[in-house]
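A short worksheet on the structure shown next.
The values are calculated or read from the model by the stated rules, or taken from the named source; none is laboratory data. The structure presented is a predicted model; accordingly, all values stated were derived computationally and were not measured. Here the Cβ positions follow ideal geometry from the backbone for every residue, glycine too, while neighbour counts run over all protein chains shown. Note: areas computed on protein heavy atoms with side chains; ligands, DNA, RNA excluded. Shrake-Rupley method; radii C 1.70, N 1.55, O 1.52, S 1.80 Å.
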Amino acid sequence: MTMSTNANNEAEAGHHTPNAGAARSIDSLQHRGKSYPPSPEFTAAAVASADLYAEASDPQAFWAAQSRELLDWATPFASVLDWTNAPFARWFADGTLNVAYNCLDRHVLAGNGDRIAIHWEGEPGDSKSFTYAELTAEVKKAANVLAGLGIVAGDRVAIYLPMIPEAVIAMLAIARLGAVHSVVFGGFSAESLRTRIDDAGAKLVITADGGWRKGRVFPLKPTVDAALAGDPSTVENVLVVRRGENEIDWWGERDSWWHDLMGSADAEHEAQGFEAESPLFILYTSGTTGKPKGILHTSGGYLTQVAFTHRNVFDLKPESDVYWCTADVGWVTGHSYVVYGPLANGATQVMYEGTPDTPHAGRWWEIIQKYGVSIFYAAPTAIRTFMKLGRQIPDEFDLTSLRLLGSVGEPINPEAWNWYRNVIGGGKTPIVDTWWQTETGGIMISPLPGVTATKPGSAQVPLPGIAVDVLDDDGRAVPAGSGGLLVITKPWPGMLRGIWNDPERFVETYWSKFADAPDGPLYFAGDGARLDEDGDIWLLGRVDDVMNVSGHRLSTAEIESSLVSHPFVAESAVVGATDETTGQAVVAFVILRADQAEAVSPEDASEVLRHHVGSQIGAIARPRTIYVVGELPKTRSGKIMRRLLRDVAEGREVGDTTTLADTTVMQVISERLASAAGKRGPEE
Ligand code: WT7
């Protein structure tokens, strides 16, 4: 079955199997206690309505109508979708628009220049607000600064900044010029930054001296310096925002202060329209190999989808809501739901620089109280962390302004969902569990608030205009009540347009598993999913060698190659083990080189290697635990059996070992680890 239009899929669910009716009625009885229909008051005032699903029965006509309604086009499009060169899609290709104009100028021209665009809160307690008129003025100046540094349409600019307003201003200034940004999360190492700069061929890097995190300044400019040291790169200039006030080195030819150039920049800048398919950004994400993929997004289709989803999934009333998405702009959630979606919709939002626990564990709730946040979007890992700390912390703050909560990044377990709704949402707010990916650009599967009766733990239904399916390995749709692989069956406007510099990998990674479907290739998301008896979708996590740690994607292969690059290590295997707080945690198994095994204790080796991975890739990739072992479990053809290592890492009885080349290996590993009782690294 293809689920594309039904709010609850009740009608369709009945068709799966002859006796599904009976099964469904039992199941829906069980669910009755567990699902939360929207209140009549919420529904009456809701932005979304059930009609949207019917309107989207022709997805192309639906997206065209949404795009015309939500965006201002410099040249209106006539062509909606060109899928003749599938899987390379072109949406609205004969139209032109300026993305930054859509996020800024037009709101000012419509008389909303005095509305707050961003309430920014610095970690040390400093704060600053920008109206739409002020933000527009800043972006115009920044566009002139970048043009002065030689940036023209199509050029790539890397951004390596903390969560400060300049990050948003820089992204929009780049977009305004038709240039392409590549934001690199500030937690990534010099080496990771360099790889991304080289792959994109960036001409300019925008960074800061440092940013605030956990009560301290962490340096950023020194990391950029390290990234650019050595072989010459494509980078001609580095623009530095002053934030940390930390000491930094300076290259006079290459470096300039942001405030110097902004101070003398022309305040006038007229936005020019660019083709809808002109690249907007590249964002690197981990795949199943060691090399990160540069996911490419373009302008018109992407902006249409993020504007539509931001408005309808979050029930946005731009005149009255205060919206807060806690994601960093270094991730796709920050691109789509801090920058482009909210600003295209003229929303007022909060942006916070630091960590949730600084200077006290109630910081997030204090911010919600301070700004009267009404819509809040965060990751399950944070919710679980707060749940562990106890409700007395949020209970100290007035959270009654909240009227809608969102979740993103990984499955949210029903216990955390209920806690979120009851403790943070006062037992009344709808929760939207939103499934999507860096590649999808915007939200794909989510309840619609005011329409869908929400179910703790399930992302439930594809949005209007989105068509997904759950298939078995042979490409057959699974019946309700079963699990399989999640696929997207029709092109959608925010879809990635490719992998930067690597069209073959794009086709191979996403479109080859179900390439021969009758209506064209299907997009394979890499996630497992289960359909319940109502036809609602439950996401089950990745089915490939990609891990999800605190909602961030990490590749086992990338961490393995980092480990074997260290002189201690002969061989390594990395698995994602279930973790109560972070969803998954990185657990590594290493075999030390013979000459090292004598010289260094397993404890010391583990510590050294954890730091090695942290400095090579970034702190998020640092394994929680590294086990030093004598052997790794392999099949006769030499493939490492990660399933068995996951059993060990999760403290389970080891599963079937009969396909191992040497069936005693797992017993040896288990015994060895039991005697060492696991060398767990300190919590960060
Ligand atoms: C992977 C994408 C989407 C922005 C943040 C992560 C997992 C994401 C959910 C959800 C269950 C989810 C999937 C997906 N995921 N949202 N609501 N329920 N799983 O973006 O780094 O591109 O990772 O995150 O496994 O494939 P990303």
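What the table below lists for this structure:
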{"read-out": "Net length gained if the chain between R68 and D266 were fully extended (0.36 nm per residue, minus Cα distance)", "value": "68.1 nm"}
{"read-out": "Sulfur and carbon atoms: percent of accessible area, the chain [1.4 Å]", "value": "51"}
{"read-out": "Overall form of segment 109-213 per C-alpha gyration tensor (a/c, 1.5; a/b vs b/c)", "value": "oblate"}
{"read-out": "Computed over segment 429-562: relative contact order in percent, which uses C-alpha pairs under 8 Å that are six or more apart", "value": "20"}
{"read-out": "DSSP bridge orientation in segment 106-187 - percent antiparallel, rounded to nearest 5", "value": "55"}
{"read-out": "For S182, residues with placed amide H under 5 Å, excluding near neighbours", "value": "V157, A158, I159, I282"}
{"read-out": "Debye intensity ratio in log₁₀ form over the Cα atoms of the chain, taken at each q of 0.09 Å⁻¹", "value": "-0.78"}
{"read-out": "Estimated [θ] at 222 nm from DSSP helical runs (n ≥ 4, -39500 (n - 2.57)) normalised by residues in the chain, nearest 500", "value": "-8500 deg cm²/dmol"}
{"read-out": "Under 24 Å from the Cα of K513 - lysines, other chains or at least 8 residues apart", "value": "K291, K293, K490, K639"}
{"read-out": "Cross-link pairs beyond the 23 Å C-alpha cut-off, checked among K128/K388; K140/K370; K214/K388", "value": "K128/K388; K140/K370"}
{"read-out": "Phi to ³J(HN,Hα) by Karplus 6.51 cos²θ - 1.76 cosθ + 1.60 over segment 469-481, Hz, x for Gly, Pro", "value": "8, 10, 10, 7, 4, 8, x, 8, 4, 7, x, 3, x"}
{"read-out": "Cleavage-rule hits (GluC sites (Glu not before Pro)) in segment 277-368: DSSP loop, at most 10 neighbouring Cβ within 10 angstrom", "value": "E319"}
{"read-out": "Of all DSSP beta bridges in segment 364-501, antiparallel share, percent nearest 5", "value": "45"}
{"read-out": "Karplus-derived HN-Hα couplings along segment 330-335 (A = 6.51, B = -1.76, C = 1.60, θ = phi - 60°), whole Hz, x at Gly and Pro", "value": "x, 10, 5, 4, x, 5"}
{"read-out": "Inter-centroid distance (Cα atoms) of segment 179-197 relative to segment 55-87, Å", "value": "32"}
{"read-out": "Under the Karplus curve 6.51 cos²θ - 1.76 cosθ + 1.60, θ = phi - 60°, whole-Hz ³J(HN,Hα) for segment 640-649, x wherever Gly or Pro sits", "value": "6, 8, 5, 3, 6, 5, 5, 4, 5, 5"}
{"read-out": "Convex hull volume of segment 525-684 per residue (C-alpha atoms, cubic angstrom)", "value": "136"}
{"read-out": "Whole-Å semi-axes of the ellipsoid equivalent to segment 327-431 (Cα gyration tensor, √5λ, descending)", "value": "21, 15, 14"}
{"read-out": "Cα centroid of segment 526-569 to Cα centroid of segment 395-458, whole Å", "value": "22"}
{"read-out": "Options G427, W83, Y132, ranked by Cα towards positive dipole end of the chain, top entry (Cβ charges)", "value": "G427"}
{"read-out": "Rounded accessible area per residue of segment 296-430, 1.4 Å, Å²", "value": "26"}
{"read-out": "Proximal charge balance of Q437 [Cβ under 12 Å; K/R count +1, D/E count -1]", "value": "0"}
{"read-out": "Directionally averaged shadow of segment 513-614, computed from the convex hull of its alpha-carbon atoms, nm²", "value": "9.6"}
{"read-out": "Intensity falloff of segment 255-308 expressed as log10 I(q)/I(0), Debye formula with alpha-carbon point scatterers, at q = 0.17, 0.24 Å⁻¹", "value": "-0.85, -0.90"}
{"read-out": "Relative packing of 486-499, 106-119, 566-579, which averages over residues the other C-beta atoms within 10 Å, highest first", "value": "486-499, 566-579, 106-119"}
{"read-out": "Antiparallel content of DSSP bridges confined to the chain, in %, to 5", "value": "60"}
{"read-out": "For segment 633-660 versus segment 259-275, the gap between their alpha-carbon centres in whole angstrom", "value": "58"}
{"read-out": "Difference of contour (0.36 nm per residue) and Cα-Cα distance, E41 to R476", "value": "152.5 nm"}
{"read-out": "Over segment 165-283, equivalent-ellipsoid semi-axes from the Cα gyration tensor in Å", "value": "24, 18, 14"}
{"read-out": "Sites A153 and K428 - FRET efficiency at Förster radius 56 Å, r taken between beta-carbons, to 0.05", "value": "0.70"}
{"read-out": "Distant-in-sequence amide H partners of V628 (H built 1.01 Å from N, under 5 Å)", "value": "V590"}
